[in-house]
Amino acid sequence: MRVLCAVVFAAVADIDAQWEEFKAKFGESYNGEEEEAERKGVFAQNVQLINEENSKGHTYTLGVNQFADLTVEEFSKTYMGFKKPAQKYGDAAYLGRHVYNGEALPTSVDWSSQGAVTPVKNQGQCGSCWSFSTTGSLEGANEISTGKLVSLSEQQFVDCAGTYGNQGCNGGLMDSAFKYAEANALCTEQSYPYKGTDGSCQASSCSTGLAKGSVSGYKDVSSDSEQDMMSAVAQQPVSIAIEADKSVFQLYSGGVLTGACGASLDHGVLAVGYGTLSGTDYWKVKNSWGSTWGMSGYVLLQRGKGGSGECGLLSEPSYPQVTGSQVVV
């Protein structure tokens, strides 16, 4: 009994230390002892889940991050935002479907190491993931076309793209945002910075990062086609939607996430490459939860799973077409 009590005491002391470290690292504070006790209880449950999953020898690991004091239900209500379209293409400038034509595909691709991807951004407690996926694919297409990497404004899409069916912090769709980008000049991130809340459109007073006319439309990639997706990603970063409302995604730390999430799309992200890690094929995906989440803001999702792919990433891929002649910055 003494040994058992000692083990229990050590576990509690360990949680206490981890809790204090968590609060200090992420600057967390709570409204009174009752709220902190509740958050600490959730934190302890998540730490237990992390330890249990990491003991199973998965190709991925979990870890304490900024979301470790949230239940998966709380997390999913706050940090998603992709709205699956009722009608796939709407009135967007649909330029056709990207199809693999038998071309030789590289064994690995990583646009983030080739200068076509801006640093990881953070959407905060706003369901604006769709806007970050949109700017990411536009930034990549622009850099590949012009050689200039320009960080574009997510806040502009949040504030100004409502007439195209998007709902700011309440969700949106990348293809609808591409329609807005086709019809409007796009602001630089610096001149129209992200606030993480809905606001009135201020695009008339910003500095232009991508001139009106630069975006000619977008292409989709065939659903559930790994080869078509590889061909598209080999060409440029691709906007994708995934299911992210699972504890393993919330607490993901590293490695290749396999067999751990469904295909009920709720989160817009950016596919920036693919490759193989320790014998497991993966897609490299840029998220918008800051650099303290995952692998410095990135996640590797299993490639070769079949069907809609890991987390449904093959369900709704699309990318914009950007011409270099209209670029301002």
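The values are calculated or read from the model by the stated rules, or taken from the named source; none is laboratory data. Computed from a predicted structure; not experimentally measured. We place every Cβ from the backbone using ideal geometry, glycine too, and count neighbours over all the protein chains shown. Just the protein is used for accessible areas: all its heavy atoms, side chains included, with ligands, DNA and RNA removed. Shrake-Rupley method; radii C 1.70, N 1.55, O 1.52, S 1.80 Å.
The figures follow:
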| item | result |
| --- | --- |
| Pairwise label distance in nanometres, Ser264 with Glu74, each label 7 Å out on the Cα-Cβ vector | 2.1 nm |
| Summed side-chain charge close to Tyr194 - residues other than Tyr194 whose Cβ falls under 11 Å, Lys, Arg +1, Asp, Glu -1 | -1 |
| Backbone HN-Hα couplings from phi across the stretch 102-111 [Karplus 6.51/-1.76/1.60, Hz, Gly and Pro as x] | x, 5, 5, 9, x, 6, 8, 9, 8, 5 |
| Partners for Lys195 among aspartates and glutamates (Cα-Cα distance below 12 Å; same-chain residues under 8 apart left out) | Glu154, Asp159 |
| Acute angle (nearest 10 degrees) that the helix 226-235 long axis makes with the longest principal axis of the chain, alpha-carbon atoms | 70 degrees |
| Distance between the stretch 280-314 and the stretch 190-219 - C-alpha centres, whole angstrom | 27 Å |
| Residue-span extension gain [Lys148 to Thr323] - 0.36 nm each, minus C-alpha spacing | 61.8 nm |
| Carbon + sulfur, % of accessible area of the chain - ligands and nucleic acids excluded, 1.4 Å | 48 percent |
| Per-bin percent of Cα-Cα distances, the stretch 199-300 [10 Å] | 12, 38, 31, 16, 3, 0 |
| With eigenvalues of the C-alpha gyration tensor scaled by 5 and rooted, the stretch 232-292, Å | 18, 15, 12 |
| Distance between modelled label sites at Thr107 and Asn54, nm, 7 Å Cα→Cβ extension | 3.2 nm |
| Prolate/oblate/rounded label for the stretch 146-185 (Cα gyration tensor, a/c 1.5) | prolate |
| Under DSSP loop assignment and at most 15 Cβ neighbours within 10 Å, longest chymotrypsin sites (Phe, Trp or Tyr not before Pro)-free interval of the chain | 90-329 |
| Length-normalised contact order of the chain in % [C-alpha pairs under 8 Å, at least 6 apart] | 22 percent |
| Using θ = phi - 60° and Karplus 6.51 cos²θ - 1.76 cosθ + 1.60, couplings along the stretch 246-259 (whole Hz; Gly, Pro as x) | 10, 4, 5, 7, 4, 10, 4, 10, x, x, 9, 6, 10, x |
| With Cα atoms, 0 to 90° folded angle of helix 2-26 axis to the chain main axis | 30 degrees |
| Ratio of Rg to Rh over the chain (Cα coordinates, Kirkwood Rh, two decimals) | 1.01 |
| Pairs beyond 31 Å (Cα-Cα), from Lys56/Lys83; Lys23/Lys148; Lys212/Lys305; Lys56/Lys219; Lys25/Lys284 | Lys56/Lys83; Lys23/Lys148; Lys212/Lys305; Lys56/Lys219 |
